[in-house]
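Since the structure comes first, as structure tokens, the remarks are kept for the end.
The values are calculated or read from the model by the stated rules, or taken from the named source; none is laboratory data. Just so we're clear, the structure is a prediction, and the values are computed from it rather than from any experiment. When we count neighbours, we look across all protein chains shown, and the Cβ atoms used for this are built from the backbone with ideal geometry, even at glycine.
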């Protein structure tokens, strides 16, 4: 396997009779000289030996505790979500809310339902506009449609790919009722900028925290800063039961409304506010809630493990021009890394397009994605037809005219997404990622005839 080391100072090294100038921070090959040129130049996508052939750590992690709680539910014969909250759901609601710093939690079917329920509980009226970032999963905007609202897309902040606070404020109209900032990948939206504007304009804030289990902004948990926090427990997420969602709030009236809306319209067990509405069965099963309780016990250690490896990877990438991680705002006092996000610059790779770089990186044994998310208005799953939604009858919103250049550049040219499971291993795994990138950069000229793959997105 090809191995490289860092050049600590300017150095000249002879390889195959050629003298190469090596600058500080560059890689050199430490193996036999007669192998160096061939191995470094021959990318795996061109038939060479990949940097890595073994898989990264599997996800999700599980052990005896997960087996134990699932068996307890099975043997107890109390499997569903009724009565609501059921035994394990009640415990999960309390523990997860406390973990994130909120007063109340409401477990529900998934992370799209959690947004829809929060919108309804917050008082969204048919035709109200809800401002959402264009660069997010389709479900963020779809939930607004399901709640009979009108999604209004705004561009991203180029520093972190989250909602641009200035674009948010500029998009507010007399019909705006709410805003959904999304904490994306490993970043958090600028809540110090968004919350004051929302308060001043009397908008309620729903934090989309599908990527942010365990994250903190200035010591406050993601999902506890706005009126609501919405979490997904889908298979790829940082806390998972395969599927599932969670709504957080510190407002007791909103809490009771959410309980009613996810439980077929039944009154909340406390029922202080006498809220009544036709509801759905959006409950979570006891199998899921018990499994999530076991997984929640693992989350703090996993968070620290990812963070340690992320910092190591950032160090190893410092000497490679053309690629760098998104920087963390100092106000993110505890990052949560759902995906480790890199910013790609083709000029550091001989003009190679991001998608070709990714294809080559995958060939070297490093799973990575580019158009993991697309601007929603361009995403294949955004099959929006105006005539299907009566609330658009009087709306001036026209998605065919929406352009968000920062989001489009991130999705189609710049972003590199590394799933959090790549950071659950050891320093050798991190080394492989950095070495694969360095190898591609060293032989980027060989990629001129490699075609771009078709991107399909993910979630």
In the set 105, 123, the lone residue that is in contact with a strand residue (DSSP E or B) (Cβ under 8 Å, 6 or more places away or on another chain), buried (at least 17 other Cβ atoms within 10 Å of the Cβ) and not in a helix (DSSP H, G or I) is 105
(1) crowded, with 22+ Cβ neighbours inside 10 Å; (2) not in a loop (DSSP other than H, G, I, E, B) all hold for residue 210 apart from (2)
Within the range 339-351, work out how many residues are out of contact with any strand residue (DSSP E or B) (no Cβ under 9 Å at 6 or more places or on another chain) and crowded, with 18+ Cβ neighbours inside 10 Å.
-> 0
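Please pick out the residue among 2, 7, 69 that is at pLDDT 95 or above and either exposed (fewer than 11 other Cβ atoms within 10 Å of the Cβ) or within 35 Å of the chain's Cα centre (by Cα) (or both).
Values: 2 fails: at pLDDT 95 or above; 7 fails: at pLDDT 95 or above.
That would be 69, the only listed residue that is at pLDDT 95 or above and either exposed (fewer than 11 other Cβ atoms within 10 Å of the Cβ) or within 35 Å of the chain's Cα centre (by Cα) (or both).
Is it true that residue 227 is touching a residue at least 60 places away in the same chain (Cβ under 8 Å) and surrounded by 18 or more Cβ atoms within 10 Å (Cβ to Cβ)?
On the way: touching a residue at least 60 places away in the same chain (Cβ under 8 Å): yes; surrounded by 18 or more Cβ atoms within 10 Å (Cβ to Cβ): yes.
Considered against the rule, which asks whether it is touching a residue at least 60 places away in the same chain (Cβ under 8 Å) and surrounded by 18 or more Cβ atoms within 10 Å (Cβ to Cβ), residue 227 comes out as yes.
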Residues in the range 344-354: is at least one within 30 Å of residue 89 (Cβ to Cβ) and either touching a helix residue (DSSP H, G or I) at 6+ places or on another chain (Cβ under 6 Å) or not in a helix (DSSP H, G or I) (or both)?
-> no
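Can you find, within the range 391-405, the residue that is farthest from residue 150 (Cα to Cα) among those that are assigned to a helix (DSSP H, G or I) and touching a residue at least 40 places away in the same chain (Cβ under 8 Å)? Let's see the steps before the verdict.
Narrowing the range 391-405 to residues assigned to a helix (DSSP H, G or I): 391-392, 399-401, 405.
Narrowing further to those that are touching a residue at least 40 places away in the same chain (Cβ under 8 Å): 391-392, 399, 405.
Values: 391: 7, 392: 7, 399: 11, 405: 21 Å.
Checking each candidate, the answer is 405.
Without any contact (Cβ under 8 Å) to a residue 24 or more places away in the chain and more than 25 Å from residue 447 (Cα to Cα), is that true of residue 383?
yes
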In the range 419-459, the residues that are touching a strand residue (DSSP E or B) at 6+ places or on another chain (Cβ under 7 Å), at pLDDT 95 or above and not in a helix (DSSP H, G or I) = 419
Are there any pairs with C-beta distances below 6 angstrom linking a residue in the range 294-307 that is closer than 15 Å to residue 99 by Cα to a residue that is buried (at least 17 other Cβ atoms within 10 Å of the Cβ), with the two at least 6 apart or on different chains, and if so which?
-> 294/66; 294/69; 295/239; 299/214; 299/239; 303/214
